[in-house]
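Notes follow the structure.
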Amino acid sequence: MSRRRERGWIENRPSTGWPGFRLRTLWAYRELAWFLAERDLKVRYKQTIFGVGWAVLQPLTAAAIFIVLLGRVDDLPADGLPYPVFVFAGLTAWLYVSSSVNRAAESLVTDPSLVTKIYFPRLIAPLASILPSLADLGVSLLILAPFMAAYGVTPGLALATLPAAVVWLVAVALGTGLVFAALNVKYRDVRRVLAFAVQIWLFASPVAFASSLVSGAWKWVYALNPMVGALDTFRWATVGAPRPGPEALVSLGVTLIVLFAGTVYFHAAERRFADVI
Amino acid sequence: MGSPSVEIIGVGKRYSLSGGRGYTTLREALSSVVSGRNGRDQREFWALRNVDLVISEGEALGIIGRNGAGKTTLLKIVSHITEPTAGVARMRGRVGSLLEVGTGFHPELTGAENIYLNGAILGMSRREIHRRFDEIVEFAGLERFLDLPLKRYSSGMALRLAFSVAAHLKADIVVVDEVLAVGDAEFQQRCLGKFDDFRAEGRTVLFVSHDLGAVTRLCARAVWLDEGVIRGDGPAADLTTEYLRSFADEGRLVVSLEEEPLGGPVKLVRASVSAAGDEPVPHTPRRDEPLVLSVEFDLTSRARDLDVALYLVNSRGVRVIDESWNDAGQRPVVAQSPGRIAASVTVPALLTSDDYTLGVWIGTSAEVYVDRELLQFRLLPHPTDTHEETTRPRVVRLPVSWTIETER
């Protein structure tokens with residue numbers, strides 16, 4: 001026999017207790033995440049008539065609606081920015097999170113044979129599903145630039161924090177997406193709940209208005225919505241909105257808790273995926 | 001014998017039946033929490049029970065058994081897709097599972113893109129796929145179509161592509177479920193050759209198939225699973241013979257009844273169940289082909305208004321079929337006078353795989369001469385039909401058609 005090398009034993013036994021984060025296994029399968037993300041991206045741009053246009057059209061349409069409906073409300077706080085710039089920046093971030101959560105929730109159930117016929121750490125599927133929307137986010141940012149120029153808005157030095165702001169959005173999308181992905185395998189009416197929850201979440205997040213709408217001690221409560229800190233930071237980085245206050249740390253904390261809890265819950269639920277999907 | 005490559009120790013796997021589906025709705029789950037009642041269906045069954053098995057490095061093991069015997073579950077535990085409820089499975093080295101070919105294939109992507117994607121799904125790295133890319137393409141014989149989207153491929157071409165990727169997976173342990181049953185004869189031969197290569201390279205192969213010929217050809221050793229337990233373990237040739245014999249024992253498909261005298265003018269001679277398909281080789285009847293039920297009897301005296309009915313009772317005691325001459329309006333006049341009468345009825349391929357009892361009723365409007373069960377038999381699914389669900393409590397499989405609309 002030609003191939004002689006040390007091979008370790010791997011075990012499959014009933015799992016008990018703390019599922020952990022399994023980062024090492026996930027790292028070993030990083031290429032698969034990339035391949036799945038690449039597939040989604042390619043398919044998306046091959047299938048839709050608009051192609052990249054779709055990535056442009058979606059935030060523009062949404063922004064137009066908000067601008068027409070709310071642009072004239074005088075005391076709607078917009079961090080002192082021209083409302084169109086303000087709302088477009090907010091929608092860019094929001095649409096990334098909402099579409100990613102939706103895709104993550106569907107990631108395991110759209111192709112059940114991935115789960116029943118093949119082994120891979122299941123977290124790879126929702127993880128891969130939130131990556132393609134980053135391309136849309138990038139396209140949106142490219143449209144945002146001329147928008148800002150037209151209104152004379154310039155980003156400050158905070159632009160350097162843009163990668164961190166994007167990572168924050170990814171963390172929010174992943175943490176929430178994992179919970180819904182796992183629930184969706186087990187309970188098939190989750191997608192209705194999700195559609196409703198995302199709707200509510202949009203209105204509860206400072207997308208069409210600035211978080212300064214909530215003042216005083218309530219700021220700290222409001223920041224329990226992780227999107228509050230994430231959106232403030234994103235706007236600070238891109239359109240030069242004021243630097244987020246200390247309550248953004250509450251949002252950051254909630255984001256990390258959701259991400260950790262989501263990962264652990266997902267790993268715990270993962271054991272039964274192949275049996276129930 | 002080489003050193004062990006797979007060790008399965010006391011492995012059991014329990015599934016809950018919960019009304020045939022694995023999932024419930026969030027609404028049900030929440031309402032059962034609120035009402036304090038557990039609304040879940042608690043029925044469960046053991047797909048595998050206390051299975052012990054050691055497979056040596058470089059060994060090719062065939063796994064045989066009926067549908068629902070636990071073969072696929074065993075493969076899924078070895079390939080880590082699902083975890084056992086009890087016991088432990090230990091595998092030395094990398095496991096490649098070929099429970100299905102072409103998993104993750106996307107019709108919009110080109111052949112080349114699908115090779116990379118499918119390779120990655122099977123566990124290959126980009127570098128590995130890149131290195132074997134030409135080999136894969138050559139094996140599939142699809143060089144000219146690589147840039148074409150998969151949706152333009154014929155199903156045979158797609159299958160060849162899928163199998164090529166799978167065949168070039170370099171795993172220490174290869175787990176194969178019935179994938180050889182696909183493709184044209186020439187390609188199948190090539191696949192079989194590929195499996196010989198696997199063995200020659202010293203890889204461990206676990207092979208599930210209903211094709212007993214393929215099992216004996218590819219595997220020296222076989223394991224026979226029956227209702228979740230190992231019923232036999234030994235040389236593949238011996239075990240497949242024994243397995244086949246078990247069908248003959250149960251499915252006494254022709255019974256001779258002459259030794260059993262009955263009252264009245266009717267004397268039963270013989271009853272039989274056979275497949276009405278065009279397959280020349282006599283075989284155990286399968287549910288995907290029409291079934292011929294027949295009875296032969298001697299009529300010793302003249303009988304007016306004679307009628308004959310044949311019926312089938314399934315394992316749950318449901319009378320699935322009960323047909324008589326009169327129902328069909330075909331009462332043959334000739335059958336009124338003494339002599340030997342052979343009557344048979346052809347049943348279309350609508351039955352489910354199950355155990356059946358054939359019964360006969362012979363009589364007139366005034367008197368019942370015979371009403372008794374004649375023989376029992378098992379209707380098998382088609383050998384390649386691995387999706388048969390014997391646990392579903394249905395009586396017949398009607399040729400329904402589905403329409404599915406998705407709402408986003």
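Yes/no per residue for (1) at pLDDT 90 or above; (2) touching a Phe, Trp or Tyr at 6+ places or on another chain (Cβ under 6 Å); (3) surrounded by 22 or more Cβ atoms within 10 Å (Cβ to Cβ); (4) of a type outside the set (D, E, K, R):
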position	(1), (2), (3), (4)
A:Ala195	yes, no, no, yes
A:Ala204	yes, no, no, yes
A:Val214	no, yes, no, yes
A:Leu231	yes, no, yes, yes
A:Arg235	yes, no, yes, no
A:Leu256	yes, no, no, yes
A:Leu259	yes, no, no, yes
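Counting only residues that are crowded, with 16+ Cβ neighbours inside 10 Å, small (Gly, Ala, Ser) and part of a helix (DSSP H, G or I), the stretch B:193-229 holds 1 of them.
Hey, any hits in the stretch B:182-192 for a residue that's within 14 Å of another protein chain (Cβ to nearest Cβ), of a type in the set (Asp, Glu) and not in a loop (DSSP other than H, G, I, E, B)? Let's see the steps before the verdict.
If we filter the stretch B:182-192 for residues that are within 14 Å of another protein chain (Cβ to nearest Cβ), which is where we start, we get none.
For the stretch B:182-192, residues within 14 Å of another protein chain (Cβ to nearest Cβ), of a type in the set (Asp, Glu) and not in a loop (DSSP other than H, G, I, E, B): absent.
Of all residues in the stretch A:176-187, those being touching a residue at least 24 places away in the same chain (Cβ under 8 Å) and touching a Phe, Trp or Tyr at 6+ places or on another chain (Cβ under 8 Å) number 6.
Could you tell me whether any residue of the stretch B:182-195 is touching a strand residue (DSSP E or B) at 6+ places or on another chain (Cβ under 9 Å) and modelled with pLDDT under 80? Within the stretch B:182-195, one or more residues are touching a strand residue (DSSP E or B) at 6+ places or on another chain (Cβ under 9 Å) and modelled with pLDDT under 80. Among residues of the stretch B:70-82 being in contact with an Asp or Glu (Cβ under 9 Å, 6 or more places away or on another chain) and assigned to a loop (DSSP other than H, G, I, E, B), the one that is surrounded by the most Cβ atoms within 10 Å (Cβ to Cβ) is B:Gly70. Counting only residues that are more than 13 Å from B:Val174 (Cβ to Cβ), open to solvent by 10 Å² or more (accessible area, probe 1.4 Å) and not polar (S, T, N, Q), the stretch B:57-69 holds 2 of them.
Take the conditions (1) within 9 Å of chain B (Cβ to nearest Cβ); (2) open to solvent by 60 Å² or more (accessible area, probe 1.4 Å); A:Val43 misses just one of them, which is (2).
In the stretch A:115-124, the qualifying residues are those that are open to solvent by 10 Å² or more (accessible area, probe 1.4 Å) and either assigned to a helix (DSSP H, G or I) or of a type in the set (Gly, Ala, Ser) (or both), and the one that is nearest to A:His267 (Cα to Cα) is A:Thr116. Against the conditions (1) in contact with a helix residue (DSSP H, G or I) (Cβ under 7 Å, 6 or more places away or on another chain); (2) within 14 Å of chain B (Cβ to nearest Cβ), A:Ile143 satisfies every one except (2).
Considering only residues in the stretch A:65-110 that are part of a loop (DSSP other than H, G, I, E, B) and at pLDDT 85 or above, the one that is surrounded by the fewest Cβ atoms within 10 Å (Cβ to Cβ) turns out to be A:Thr110.
Checked against (1) under 29 Å from B:Pro399 (Cα atoms); (2) modelled with pLDDT of 80 or more; (3) small (Gly, Ala, Ser), B:Gly329 passes all but condition (2).
For the stretch A:181-193, the set of residues classified as at the interface with chain B (Cβ under 7 Å from one of its Cβ atoms) and open to solvent by 60 Å² or more (accessible area, probe 1.4 Å) consists of A:Lys186, A:Arg188, A:Val193, listed by residue number. Within the stretch A:207-215, not a single residue is assigned to a helix (DSSP H, G or I), small (Gly, Ala, Ser) and closer than 15 Å to A:Phe88 by Cβ. Only a single item in (1) under 30 Å from B:Asp355 (Cβ atoms); (2) of a type in the set (Gly, Ala, Ser); (3) open to solvent by 10 Å² or more (accessible area, probe 1.4 Å); (4) more than 10 Å from chain A (Cβ to nearest Cβ) is not met by B:Ala86, and it is number (4).
So is A:Gly156 touching a Lys or Arg at 6+ places or on another chain (Cβ under 8 Å) and either open to solvent by 30 Å² or more (accessible area, probe 1.4 Å) or within 30 Å of A:Trp218 (Cβ to Cβ) (or both) or not? Spell out the reasoning first.
Numbers: touching a Lys or Arg at 6+ places or on another chain (Cβ under 8 Å): no; either open to solvent by 30 Å² or more (accessible area, probe 1.4 Å) or within 30 Å of A:Trp218 (Cβ to Cβ) (or both): yes.
So A:Gly156 fails the test.
Scanning the stretch B:52-72 turns up at least one residue that is facing another protein chain (nearest Cβ under 10 Å), closer than 21 Å to A:Pro112 by Cβ and not charged (D, E, K, R).
Check whether at least one residue in the stretch B:230-247 is within 30 Å of B:Val345 (Cβ to Cβ), at pLDDT 65 or above and of a type outside the set (A, V, I, L, M), and report yes or no. Can you show your working first?
Step one: list which residues in the stretch B:230-247 are within 30 Å of B:Val345 (Cβ to Cβ), which gives B:244-247.
Keeping just the survivors that are at pLDDT 65 or above gives B:244-246.
Still in the running and of a type outside the set (A, V, I, L, M): B:245-246.
Yes: the stretch B:230-247 contains one or more residues that are within 30 Å of B:Val345 (Cβ to Cβ), at pLDDT 65 or above and of a type outside the set (A, V, I, L, M).
Residue under question is B:Gly93, and the condition is that it be under 30 Å from B:Arg378 (Cα atoms), open to solvent by less than 40 Å² (accessible area, probe 1.4 Å) and either among the hydroxyl-bearing types (Ser, Thr, Tyr) or in contact with a Phe, Trp or Tyr (Cβ under 9 Å, 6 or more places away or on another chain) (or both); does it hold? No: the conditions fail for B:Gly93.
Checking each residue of the stretch B:94-114 against the condition of being more than 27 Å from B:Leu148 (Cα to Cα), modelled with pLDDT of 90 or more and in a loop (DSSP other than H, G, I, E, B) gives no match. Among the residues making up the stretch B:98-122, those that are open to solvent by 30 Å² or more (accessible area, probe 1.4 Å) and free of Cβ contacts under 8 Å to residues at least 60 places away in the same chain are B:Phe105, B:His106, B:Pro107, B:Glu108, B:Glu113, B:Tyr116. Filtering the stretch A:261-277 down to residues that are surrounded by 21 or more Cβ atoms within 10 Å (Cβ to Cβ) and away from chain B (no Cβ under 14 Å), which residue is farthest from B:Thr72 (Cα to Cα)? Within the stretch A:261-277, the match that is farthest from B:Thr72 (Cα to Cα) is A:Gly262.
The values are calculated or read from the model by the stated rules, or taken from the named source; none is laboratory data. Keep in mind the model is a prediction, meaning the values are calculated, not measured. Glycine also receives a Cβ, built like all others from the backbone with ideal geometry; neighbour counts cover every protein chain displayed. SASA here: full protein model, heavy atoms, side chains in, ligands and nucleic acids out. Shrake-Rupley method; radii C 1.70, N 1.55, O 1.52, S 1.80 Å.
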